[in-house]
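First the structure, in the form of structure tokens, and then the observations on it.
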Amino acid sequence: MTAFKGRLNFRQYMPAKPTKYGIKVWMAADASNGYVVNLSVNQGSEGEESTNIHGLGYEVVMNMARPYLNRKHHLFFDNVFSTPRLFDHLELQDTYVCATVRSNRKELPPCVKTNLKQPGEIVCSQRGHLLYTKWHDKRDINFLSSNVSPGEPHRMVKRKVKKKEIEIPKPFVADLYTSKIGGVDQADQLRSYYYTGRQTKKWYRYLWWFLVNVCVCNGHILESIHRGNNKRSQLQFRFVLAKQLIKGFSQRKRPVQGASNASNRRSIEHTSVRIDGRKKTMCALQNCWKKNPERLPKRI
């Protein structure tokens, strides 16, 4: 969410987000470092995404992943976008997915209605390469994946139940999802450290500053990868970048090329001076009137 509270027909309100009002941006990022690889501005009901036939989440994921299809990539996203149909279509294009899924989605197996009560209980169902997993931790969590085998070993984790510490099994798909889902959150965190831009009434300026901030964070990530052990902080990177961007720029008037030094010196020393016998000050060349008093206007 890009914060903006002005008038805009596709401004979004999301009460569960830290930034409740603003412009929603769909984003795909590298799961290992937060590098933003693709993004798209949500244009609301007037955008092209509202004309889809498979749902908004389907179209968003396919648009974000289009440059990376048929390359055996793995995608991770939350339950807003996940549907079994999306997983099947991505698998046909050699793209594999691991995500949480809502229990009211269509085409899920009948075991989705199983009520798990004890912590650590697991229910699985498989169709082809598509695996549905339901795990009860503090509540029921539903996973849908096409890159996880049901034979993967579980990991034992500690939980407190009625003030007693016990060990419960945690499925491999939960560990995989938790370790890879934070790419976009990491990108948001990197951008939140330093604000770019200033307050204005124009919505497109907020969007422009958002894009500039994304580019700066992406540049810092790439530099950190290539510099190895000689990494520098994002603040140092921003200082160096700012100096490079404003290098040689100044708002002061530069002397005209070919002009003599004397003329340049006179233009710099042009000041306001007071003339005897007059109430108001008069603008004159300081050195000129001292050397040539006759050039000043005569007193009446």
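Among the residues of region 143-175, those that are within 15 Å of D78 (Cβ to Cβ) and out of contact with any Cys (no Cβ under 6 Å at 6 or more places or on another chain) comprise F143, L144, V173, A174.
For M27, the conditions (1) touching a residue at least 40 places away in the same chain (Cβ under 8 Å); (2) part of a strand (DSSP E or B); (3) more than 27 Å from K201 (Cβ to Cβ) all hold with the exception of (3). Do we find that S149 is surrounded by 15 or more Cβ atoms within 10 Å (Cβ to Cβ) and part of a loop (DSSP other than H, G, I, E, B) in this structure? Considered against the rule, which asks whether it is surrounded by 15 or more Cβ atoms within 10 Å (Cβ to Cβ) and part of a loop (DSSP other than H, G, I, E, B), S149 comes out as no.
So which of G219, G182, G197 ends up being within 18 Å of the chain's Cα centre (by Cα), under 30 Å from K113 (Cα atoms) and surrounded by fewer than 18 Cβ atoms within 10 Å (Cβ to Cβ)? The unique qualifying residue is G182. Evaluate the following for F87: is it in the same structural domain as D185 (by TED's automatic domain parsing), surrounded by 15 or more Cβ atoms within 10 Å (Cβ to Cβ), of a type in the set (F, W, Y) and in a loop (DSSP other than H, G, I, E, B)? Answer is no for this residue. The condition of being assigned by TED's automatic domain parsing to the domain that holds S32, assigned to a strand (DSSP E or B) and touching a Gly at 6+ places or on another chain (Cβ under 7 Å) holds for only one of I168, I141, that being I168. The residues of region 177-224 that are β-branched (V, I, T) and within 30 Å of Y132 (Cβ to Cβ), listed by number, are T178, I181, V184. Total residues in region 174-210 satisfying the condition of being assigned to a helix (DSSP H, G or I) and not hydrophobic (A, V, I, L, M, F, W, C): the figure is 15. Within region 51-74, the residues that satisfy the criterion of being over 19 Å from R105 (Cα atoms), touching a Ser or Thr at 6+ places or on another chain (Cβ under 9 Å) and either of a type in the set (S, T, Y) or in contact (Cβ under 8 Å) with a residue 24 or more places away in the chain (or both) are N63, M64, A65, Y68, L69, N70, R71, K72, H74. Within region 59-69, does at least one residue satisfy the condition of being over 25 Å from V214 (Cα atoms), in contact with a Phe, Trp or Tyr (Cβ under 8 Å, 6 or more places away or on another chain) and of a type outside the set (V, I, T)? No - not one qualifying residue is present in region 59-69. State which residue pairs qualify: first residue closer than 14 Å to V61 by Cα and inside region 82-106, second residue in a helix (DSSP H, G or I) and basic (K, R) in any location, beta carbons under 9 Å apart, and separation of 6 or more residues or different chains. Within 9 Å, the pairs are C98/K180.
The selection criterion, being at pLDDT 95 or above, acidic (D, E) and surrounded by 13 or more Cβ atoms within 10 Å (Cβ to Cβ), does not hold for D78. Of all residues in region 189-201, those that are under 15 Å from M1 (Cβ atoms) have Cβ atoms under 8 Å from Cβ atoms of residues that are assigned to a loop (DSSP other than H, G, I, E, B) and modelled with pLDDT of 90 or more, 6 or more apart or on another chain, in Q189/G34.
Contact annotation: residue pairs with Cβ atoms under 6 Å, 6 or more positions apart or on different chains, pairing a residue in region 223-237 that is under 17 Å from Y35 (Cβ atoms) with a partner that is of a type in the set (S, T, Y) and assigned to a helix (DSSP H, G or I), are K231/S224. Only a single criterion out of (1) more than 30 Å from K164 (Cβ to Cβ); (2) part of a loop (DSSP other than H, G, I, E, B) is not satisfied by S103, namely (1). Residues that are free of Cβ contacts under 8 Å to residues at least 24 places away in the same chain and either closer than 24 Å to L92 by Cα or surrounded by fewer than 16 Cβ atoms within 10 Å (Cβ to Cβ) (or both) within region 116-126 comprise K117, Q118, S125, listed in sequence order. Here I53 fulfils each of the conditions (1) surrounded by fewer than 16 Cβ atoms within 10 Å (Cβ to Cβ); (2) in contact with a helix residue (DSSP H, G or I) (Cβ under 8 Å, 6 or more places away or on another chain); (3) more than 27 Å from L207 (Cα to Cα) apart from (2).
The values are calculated or read from the model by the stated rules, or taken from the named source; none is laboratory data. What you are looking at is a predicted structure, and each value in this text was computed from that prediction instead of being measured. As a convention, Cβ positions derive from the backbone with ideal geometry for all residues, glycine included, and neighbour counts pool all protein chains shown.
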